[in-house]
Amino acid sequence: MDLTYTCAPANAVTNPPRQRAPEGSCDSHFHIFGPYDRFPMSETRPYTPPPALIAHYLDMAKTLGLTRRVVVQASVYGTDNAVTMDAVAQFGQDSARAIVVVDDAASPAELRRLADEGAVGVRFNAVSGNGTPVDQLESLARRVADLGWHIQLYMKGDVLMALAPRLAQLPVPLVLDHMAGVKAADGPEGAELGAALRLLDTGRVHVKLCGYRASAAPYADLTPIARRFVAAAPERCVWGTDWPHTQFPTPAEMLDDGLLLDWLFDWVPDEATRHRILVENAAKLCGF
């Protein structure tokens, strides 16, 4: 397949972190792309990533000490979840779950099949698009509530602020991707962060502490944002690599996953709290 890639591949070799993750740690956010002869991308995809295959991912995860994983359906595949569910099948449901992208066209039988195969949530991506429109939030939330699923939201902080009243009324738990899309440059007292923290105060909302998309090199402004989330709801923070890091156009800009785990250890110096974030919270949220 002749494709022109619009971003750099993940590092071929991952540098070891200063300290490996504890036993049972979960990577709560990453993607699998390809092989493209088996899993072709959507014609309406917003970008074209190089293949990011299961063996490459497992090599990275082993280096970090990650033994549980949540495969998140990426926008380049639209609502065709075949690559994501194949990955869960290859990993095995003892260690893997999926976040899928579906819309109102999905039948009850299709939703049940996805649940039986390891799906635990549905993702709305208001940044990259090519997925489920936000106006289907309420209808899909009602449909997946009986499955015990949650909804994951990838949106910028200003959009999250505007949708907050609707989100607070949904009948399912919510997970805010990429540190709720806040702009780290606004600081720990920013309005977008405040809106995200108020959602966390409902007791039904989690946040993913993979937030470099909210910042820029050298990323130092992420630390106070991450610490505010952890202080507000240590029992509802999870962490993910966001591998293979599709927003970096060149290899020189690519972040190393060992460094990302180092960041978490810097943000959360307390060992017990890190264990909650890496192991316990993810296990409860995703049913490990």
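The values are calculated or read from the model by the stated rules, or taken from the named source; none is laboratory data. Quantities reported herein were computed from a predicted structural model and do not represent experimental measurements. Reconstructed Cβ throughout: ideal geometry from the backbone, glycine too, with neighbour counts over all protein chains shown.
What to note about this one:
- Some residue of region 61-71 being over 24 Å from Val207 (Cβ atoms) and in contact with a strand residue (DSSP E or B) (Cβ under 8 Å, 6 or more places away or on another chain): no
- Only residues that are hydroxyl-bearing (Ser, Thr, Tyr) and closer than 19 Å to Val100 by Cα were counted in region 7-35, giving 1.
- Taking each residue of region 20-47 that is over 30 Å from Gly65 (Cβ atoms) and looking for partners that are among the acidic types (Asp, Glu) with beta-carbon atoms closer than 8 Å, six or more apart or interchain, yields Ser42/Asp80.
- Output for region 261-280, where each listed residue is of a type in the set (A, V, I, L, M, F, W, C) and surrounded by 17 or more Cβ atoms within 10 Å (Cβ to Cβ): Leu261, Trp263, Leu264, Trp267, Val268, Ile277, Leu278, Val279
- Test: residue in region 54-69 that is over 22 Å from Met254 (Cβ atoms) and either modelled with pLDDT of 95 or more or over 15 Å from the mean Cα position of the chain (by Cα) (or both): yes
- Residue in region 177-200 that is in contact with a strand residue (DSSP E or B) (Cβ under 8 Å, 6 or more places away or on another chain), surrounded by fewer than 16 Cβ atoms within 10 Å (Cβ to Cβ) and within 30 Å of Ala109 (Cα to Cα) present: no
- All positions within region 232-260 that are of a type in the set (Asp, Glu) and crowded, with 19+ Cβ neighbours inside 10 Å: Asp242, Asp257
- Test: Ala220 is surrounded by fewer than 20 Cβ atoms within 10 Å (Cβ to Cβ), within 21 Å of Asp186 (Cα to Cα) and either under 18 Å from the mean Cα position of the chain (by Cα) or without any contact (Cβ under 8 Å) to a residue 40 or more places away in the chain (or both): yes
- Region 231-288: number of residues that are touching a Leu at 6+ places or on another chain (Cβ under 8 Å), touching a residue at least 60 places away in the same chain (Cβ under 8 Å) and in a strand (DSSP E or B): 1
- Members of region 96-148 found to be under 24 Å from Arg45 (Cα atoms), out of contact with any strand residue (DSSP E or B) (no Cβ under 8 Å at 6 or more places or on another chain) and not in a helix (DSSP H, G or I), listed by number: Asp103, Asp104, Ala105, Ala106, Ser107, Gly129, Asn130, Pro133
- Residue within region 77-95 that is within 25 Å of Leu176 (Cβ to Cβ), in contact with a Pro (Cβ under 8 Å, 6 or more places away or on another chain) and either outside any loop (DSSP other than H, G, I, E, B) or modelled with pLDDT of 95 or more (or both) present: no
- For region 88-110, the candidate set comprises residues that are of a type in the set (A, V, I, L, M, F, W, C) and under 17 Å from Leu153 (Cβ atoms); within that set, the residue that is surrounded by the most Cβ atoms within 10 Å (Cβ to Cβ) is Val100.
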